[in-house]
C-alpha cells in the first residue's frame, strides 16, 4: 500500500506539482520531513500513536517512503495548488485536503497497513490534519513562527497522550 501510494503521489506531483518553482517549496518540504522524523524518534519502539504494519515491505522502508517521498510530495502538491483567494475558498481548499488525508488514512487502517494506538483514532487524525495543513501554509509564509507553533503543538500532543 505504501509503495502504491508513493508511485501514485509521484504521478500526481508531475501532474499538479509546481515543478518550475520547486525551490520555493523546498524549505517546507524539509520542515515536513523533519517533523515526520521527530515523530519517529519520539515514538520509536515504545510509544506509537499510529504505526505502519508490515506487509511485503519492511516497516522501516514504509517509514522511509513516508519521510522522503509521501509526506514531502503531499506537501508539495498541497502548496503548489494553494491560491490566495477569498477566505471561504481557502477554507474549502483546506477542508478538501483534510478530508482526502483522513480518507486515505482510513483506507490504510481498513487494509491493515496502519494501526492506531494509545487512544489515537481517525477523529484525532482529522483534528491533526486541521492543524497540520494550515501549519504547512504558515511555514511556507513565515517559517520561524510555524516552527515555534509546531513545537508547542508537539508538546500539547505529548501531554494529551500521556507521553510526558
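Tabulated data for the structure shown
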{"quantity": "Residue match in the stretch 67-76 (condition: in a helix (DSSP H, G or I) and more than 18 Å from the chain's Cα centre (by Cα))", "calculated": "no"}
{"quantity": "Residue match in the stretch 81-96 (condition: in a helix (DSSP H, G or I), at pLDDT below 95, surrounded by 13 or more Cβ atoms within 10 Å (Cβ to Cβ) and touching a strand residue (DSSP E or B) at 6+ places or on another chain (Cβ under 6 Å))", "calculated": "no"}
{"quantity": "Residue check, residue 72 under 17 Å from residue 24 (Cβ atoms) and either crowded, with 17+ Cβ neighbours inside 10 Å or in contact with a strand residue (DSSP E or B) (Cβ under 8 Å, 6 or more places away or on another chain) (or both)", "calculated": "yes"}
{"quantity": "Boolean, residue 103 is within 18 Å of residue 38 (Cα to Cα) and within 15 Å of the chain's Cα centre (by Cα)", "calculated": "no"}
{"quantity": "Selection within the stretch 35-51 - in a loop (DSSP other than H, G, I, E, B) and touching a residue at least 24 places away in the same chain (Cβ under 8 Å)", "calculated": "47, 48, 49"}
{"quantity": "Pairs with Cβ under 7 Å, 6+ apart, first in the stretch 52-70 and at pLDDT 80 or above, second in a loop (DSSP other than H, G, I, E, B) and surrounded by 14 or more Cβ atoms within 10 Å (Cβ to Cβ)", "calculated": "52/113"}
{"quantity": "Candidate set from the stretch 1-29 (those that are surrounded by 16 or more Cβ atoms within 10 Å (Cβ to Cβ) and assigned to a helix (DSSP H, G or I)); member that is modelled with the lowest pLDDT", "calculated": "2"}
{"quantity": "From 131, 103, residue being part of a helix (DSSP H, G or I), modelled with pLDDT of 90 or more, at negative phi and touching a helix residue (DSSP H, G or I) at 6+ places or on another chain (Cβ under 7 Å)", "calculated": "131"}
{"quantity": "Total residues in the stretch 108-118, condition touching a residue at least 40 places away in the same chain (Cβ under 8 Å) and surrounded by fewer than 17 Cβ atoms within 10 Å (Cβ to Cβ)", "calculated": "6"}
{"quantity": "Answer from 44, 63 - the residue that is surrounded by 15 or more Cβ atoms within 10 Å (Cβ to Cβ) and under 24 Å from residue 164 (Cβ atoms)", "calculated": "63"}
{"quantity": "Filter pass, residue 32 being part of a helix (DSSP H, G or I) and either at pLDDT below 90 or out of contact with any helix residue (DSSP H, G or I) (no Cβ under 8 Å at 6 or more places or on another chain) (or both)", "calculated": "no"}
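The values are calculated or read from the model by the stated rules, or taken from the named source; none is laboratory data. All values derive from a computational prediction rather than experimental measurement. Reconstructed Cβ throughout: ideal geometry from the backbone, glycine too, with neighbour counts over all protein chains shown.
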